[in-house]
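Novice: This is the structure I want to talk about, given as structure tokens.
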Amino acid sequence: MFDVIIAGGGPTGFMLVSELRLHGVHALVLEKDAEPTRIVRALGLHARSIEVMDQRGPLERFLALGRQYPLGGFFAGIDKPSPDRLDTAHPYVLGIPQTTTDRLLAKRATELGAEIWRGCELVGLSQCRAVRPVSRRRTSAHG
Ligand SMILES: Cc1cc2nc3c(=O)[nH]c(=O)nc-3n(C[C@H](O)[C@H](O)[C@H](O)COP(=O)(O)OP(=O)(O)OC[C@H]3O[C@@H](n4cnc5c(N)ncnc54)[C@H](O)[C@@H]3O)c2cc1C
């Protein structure tokens with residue numbers, strides 16, 4: 001029996017389930033894809049995301065696998081000076097493919113005791129007192 005069920009095993013779902021686990025909440029992530037995607041969408045983390053990773057714990061793992069770029073001129077190679085006196089301990093962009101980000105966040109979530117069920121799609125939910133208010137279906141043999 002889970003206190004919280006999260007639909008979607010992307011960075012948001014994995015980060016959220018880790019936060020819930022840090023507060024002792026019994027939580028599950030349902031991910032419809034049987035395997036992690038190999039498509040790289042995001043190419044890096046910006047200062048605020050890096051700060052959050054630092055505050056919540058997993059930053060060292062990201063720094064070990066990422067590459068730091070100065071802030072100025074990073075976007076589309078536009079020649080722009082780095083902004084002065086940014087109020088952050090992390091004034092850089094961390095280049096790291098989203099596939100790696102997803103993997104690191106999923107690993108941390110399971111280390112914290114979260115369950116991740118791949119190949120399970122949330123197909124409906126209802127508010128009731130029943131034991132199973134959530135409907136899911138297998139999208140693969142792993143589900
Ligand atoms: C082409 C492209 C390029 C991008 N480039 C950048 C970039 O350069 N830098 C940057 O910072 N960001 C970039 N982004 C944005 C970044 O990829 C997203 O912000 C990030 O993936 C959002 O994370 P998420 O967890 O909210 O959603 P997602 O990563 O989309 O994860 C959602 C997950 O939920 C699953 N799901 C959906 N419905 C269900 C259901 N009913 N039941 C179970 N599972 C379900 C999906 O399979 C998916 O795995 C890009 C996005 C795209 C599309």
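Novice: Which one of A76, A109, Y92 is farthest out on the positive end of the charge dipole of segment 73-113, using unit charges on Cβ (Lys, Arg +1; Asp, Glu -1) and the Cα centre as origin?
Specialist: A109
Novice: Using the Kirkwood radius built from alpha carbon pairs, what does the Stokes-Einstein equation give as D for the chain at 25 °C and 0.890 mPa s, in µm² per second?
Specialist: D, rounded to a whole number, is 145 µm²/s.
Novice: Using alpha carbons only, how many degrees (0 to 90, rounded to 10) separate the axis of helix 98-111 from the longest principal axis of the chain?
Specialist: Approximately 50 degrees, to the nearest ten.
Novice: GNM, the chain, Cα, under 10 Å: largest mean-square fluctuation among K107, K80, K32?
Specialist: Greatest mean-square fluctuation among the candidates belongs to K80.
Novice: Order by neighbour count: C120, C128, fewest other Cβ atoms within 10 Å first, most last.
Specialist: C128, C120
Novice: In addition: For segment 43-96, with only Lys/Arg (+1) and Asp/Glu (-1) charged at the beta-carbon, what is the dipole magnitude about the Cα centre, in debye rounded to 20?
Specialist: Once rounded to the nearest 20, the dipole reads 120 debye.
Novice: Sticking with this one: Against the longest alpha carbon principal axis of the chain, how many degrees, from 0 to 90 and to the nearest 10, is the axis of helix 11-22 turned?
Specialist: 70 degrees
Novice: Relative contact order (percent) for the chain, with alpha-carbon contacts under 8 angstrom and 6 or more residues of separation?
Specialist: The value is 33 percent.
Novice: For G9, list long-range residues whose amide hydrogen, built 1.01 Å from N in the peptide plane, is under 5 Å from its own amide hydrogen.
Specialist: Counting only residues 5 or more places away or on other chains, the set is K32.
Novice: Only four residue types carry charge here, +1 at the Cβ of Lys and Arg and -1 at the Cβ of Asp and Glu. Report the dipole size of the chain about the Cα centre in Debye, rounded to the nearest 20.
Specialist: For this selection, approximately 480 debye.
Novice: For L112, enumerate residues with amide H under 5 Å from its amide H, sequence gap 5+ or separate chain, H modeled in the peptide plane.
Specialist: none
Novice: Here's something else I'd like to know. Can you give me the angle between helix 47-56 and the longest principal axis of the chain, using Cα atoms only, in degrees from 0 to 90, rounded to the nearest 10?
Specialist: Between the helix axis and the principal axis of the chain, the angle is about 50 degrees.
Novice: Taking only C-alpha pairs under 8 Å that are 6+ residues apart, what is the relative contact order of segment 25-108 in percent?
Specialist: 42 percent
Here, each number is a calculation from the coordinates, and none is a lab measurement. Since this is a predicted model, take the numbers as computed values, not measurements. Glycine also receives a Cβ, built like all others from the backbone with ideal geometry; neighbour counts cover every protein chain displayed.
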